[in-house]
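J.: Just passing along the structure, written as structure tokens.
The values are calculated or read from the model by the stated rules, or taken from the named source; none is laboratory data. As the structure is a computational prediction, the values presented were derived from the model and not from experiment. Note that each Cβ is placed from the backbone with ideal geometry, even for glycine, and that neighbours are counted across all protein chains shown.
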Amino acid sequence: MQGKADFATVARAKSEDINSLRGGGDIGFATEEDLKSNGFPPEVVSNLFGSMLIMFHQIAVLRRQQNPPDVYINPPIEGFLANDFFRMGEMIEAASKAKDELKRALEMRIERIS
């Protein structure tokens, strides 16, 4: 990526704490679009964000195994990515299909504790 920014530079430019930039930065972040617009190859960006999503998912699975919730519903939202914030209406519509499942699970749980 000759002549292009590296990940740290892009992340620092988007740092949450502007004062930390003076000392070289400590925590930075960059969106998928930030990386793409700074010349990162699409496959690198996809692999980076994909691997983070896999890690986040695995952490959530392990946490549920260690401390199972009373009710857990997994709505069918596989077609969405972590940065699909502007598709929120579509996500809510897709997740609303799990509403009846949630309602039944809550009713069963309430009956058990009543």
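J.: Quick check on my filter: what residues within segment 58-73 are more than 20 Å from the chain's Cα centre (by Cα) and outside any helix (DSSP H, G or I)?
T.: If the condition is that a residue be more than 20 Å from the chain's Cα centre (by Cα) and outside any helix (DSSP H, G or I), then ASN67, PRO68, PRO69, ASP70, VAL71 are the ones that fit.
J.: So ALA94 ticks every box in (1) closer than 30 Å to ILE110 by Cα; (2) touching a Gly at 6+ places or on another chain (Cβ under 9 Å); (3) outside the structural domain of ILE110 (by TED's automatic domain parsing) but one. Which box is left unticked?
T.: (3)
J.: Also, I was wondering about something else. In contact (Cβ under 8 Å) with a residue 24 or more places away in the chain, over 19 Å from the mean Cα position of the chain (by Cα) and assigned to a helix (DSSP H, G or I) - does that describe any residue in segment 74-96?
T.: Checking segment 74-96: not a single residue is in contact (Cβ under 8 Å) with a residue 24 or more places away in the chain, over 19 Å from the mean Cα position of the chain (by Cα) and assigned to a helix (DSSP H, G or I).
J.: If MET55 passes every condition in (1) within 12 Å of the chain's Cα centre (by Cα); (2) under 28 Å from GLU107 (Cβ atoms); (3) aliphatic (A, V, I, L, M) but one, which one does it miss?
T.: Among (1) within 12 Å of the chain's Cα centre (by Cα); (2) under 28 Å from GLU107 (Cβ atoms); (3) aliphatic (A, V, I, L, M), the lone unmet condition for MET55 is (2).
J.: Could you tell me which residue of segment 9-64 is modelled with the highest pLDDT, considering only residues that are more than 22 Å from ASP84 (Cα to Cα) and among the acidic types (Asp, Glu)?
T.: Selected residue: ASP17.
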